[in-house]
Amino acid sequence: MEQRAMAPGCGVEIVGIQLAEAEGETLDAIRQATYRHGVAVFRDQRFTPEQHIAFARRWGGIDINNYFPLTDAHPEIAVVRKAENQTTNIGGGWHTDHSYDQVPAMGSVLVARTLPPKGGDTLWAHMGAAYDSLPKEMKERLEGMTAFHTADHIYAPDGLYAQTDQGSELRGQEMKTGATHPVVIRHPQTGRKLLYVNPGFTIHFTGQTREESLPLLQELFAHAMLPEHQCRVEWKDGTVAIWDNRTTWHLAVNDYHGHAREMHRITLTGEALAA
Ligand code: SIN
């Protein structure tokens, strides 16, 4: 198994293995690479839905997503779909999955099932690289701060998706979410400091209103999404990506109107986060 960095601050491509067979030391090496680089990409995988589920179970627990359509045959798999006649995609803005949960999901295993002829890439941004490159004064300012996260403005009956052509596909619109996390967390496995606020779900800092929080939130968001913290995956048949939600944000590029794109996502169980 060989590891090739995708960009200086983010992402690794792992070659020479089939995920369907990965276990033991190989699986542990994949875990460590994912924690460290934020996202690990694998090409030319033969990975049926059953093998996808079995791999996620070998990694650890599976969190069933509350919002995305599930397949009848495999309820563990959330379908991330844009049909050829839809204009809105899922995950088209920078976000960290499940930061609105008190115990956020560790990450996801995403498999390309239907791809447009061109486009539909996914971007990730590494929050360890983002934290490291903050000025010393900003790091000191963030010390001890916490922030509130929710998904209600996105998925509620009058939320963002309900106003788009994705609204009718989603489930869980009546759910209420909300969690408070440190603004800077330590990665539970590597101990690295990570910036843990994101444009999708972070609403305000504890003890501040949304309006009071916005200037600093926007400054942190603009810094975190700098190109030097990012990497990009161009999907091909057989591509699988595994990412760490604590270490990264991600964004699905919506540049393939008139074509369908369907991905299968399994969300991996995480642990409570601490500063
Ligand atoms: C997501 O999980 O946010 C979607 C990622 C993608 O479709 O590339």
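The values are calculated or read from the model by the stated rules, or taken from the named source; none is laboratory data. All of these numbers come straight from a predicted model, not from anything done at the bench. Cβ: placed from backbone, ideal geometry, glycine included. Neighbour counts: every protein chain shown. Accessible surface is based on the protein model in full, side chains and every heavy atom, while ligands, DNA and RNA are left aside. Shrake-Rupley method; radii C 1.70, N 1.55, O 1.52, S 1.80 Å.
The figures follow:
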| item | result |
| --- | --- |
| Unique match (being in a strand (DSSP E or B) and within 25 Å of residue 61 (Cα to Cα)) among 267, 190 | 267 |
| Hits in the range 1-27 - residues which are under 19 Å from residue 56 (Cα atoms) and open to solvent by 70 Å² or more (accessible area, probe 1.4 Å) | 21, 23, 25 |
| Residue selected from the range 79-94 under the condition open to solvent by 20 Å² or more (accessible area, probe 1.4 Å) and not hydrophobic (A, V, I, L, M, F, W, C), by the criterion farthest from the ligand (Cβ to nearest atom) | 85 |
| Matching residues in the range 32-69 - criterion: being open to solvent by 10 Å² or more (accessible area, probe 1.4 Å), without any contact (Cβ under 8 Å) to a residue 40 or more places away in the chain and closer than 24 Å to residue 236 by Cα | 48, 50, 51, 54 |
| Residue that is nearest to the ligand (Cβ to nearest atom) [pool: residues in the range 256-275 that are aliphatic (A, V, I, L, M) and surrounded by fewer than 18 Cβ atoms within 10 Å (Cβ to Cβ)] | 260 |
| So residue 76, is it within 16 Å of the ligand (Cβ to nearest atom) and open to solvent by 10 Å² or more (accessible area, probe 1.4 Å) | yes |
| Residue within the range 116-124 that is farther than 30 Å from residue 23 by Cα and in contact with a Ser or Thr (Cβ under 8 Å, 6 or more places away or on another chain) present | no |
| Test: residue in the range 178-192 that is farther than 19 Å from residue 120 by Cα, at pLDDT 95 or above, crowded, with 16+ Cβ neighbours inside 10 Å and among the basic types (Lys, Arg) | yes |
| Only one of 118, 176, 139 that is among the basic types (Lys, Arg) and in a helix (DSSP H, G or I) | 139 |
| Counted residues, the range 88-115 - those being of a type in the set (A, V, I, L, M) and part of a strand (DSSP E or B) | 4 |
| Where residue 44 falls short, out of the listed (1) modelled with pLDDT under 95; (2) more than 26 Å from residue 185 (Cβ to Cβ) | (1) |
| Evaluation of residue 128 against (1) within 14 Å of the ligand (Cβ to nearest atom); (2) assigned to a helix (DSSP H, G or I) (one fails), failing number | (1) |
| Subset of the range 235-255 (residues that are part of a loop (DSSP other than H, G, I, E, B), away from the ligand (no atom under 11 Å from the Cβ) and not polar (S, T, N, Q)) | 236, 237, 238, 246, 255 |
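Rundown of residues vs (1) without any contact (Cβ under 8 Å) to a residue 12 or more places away in the chain; (2) open to solvent by 60 Å² or more (accessible area, probe 1.4 Å); (3) in a strand (DSSP E or B), yes/no style:
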{"site": "165", "(1), (2), (3)": "no, no, no"}
{"site": "172", "(1), (2), (3)": "no, no, no"}
{"site": "198", "(1), (2), (3)": "no, no, no"}
{"site": "204", "(1), (2), (3)": "no, no, yes"}
{"site": "211", "(1), (2), (3)": "yes, yes, no"}
{"site": "228", "(1), (2), (3)": "no, yes, no"}
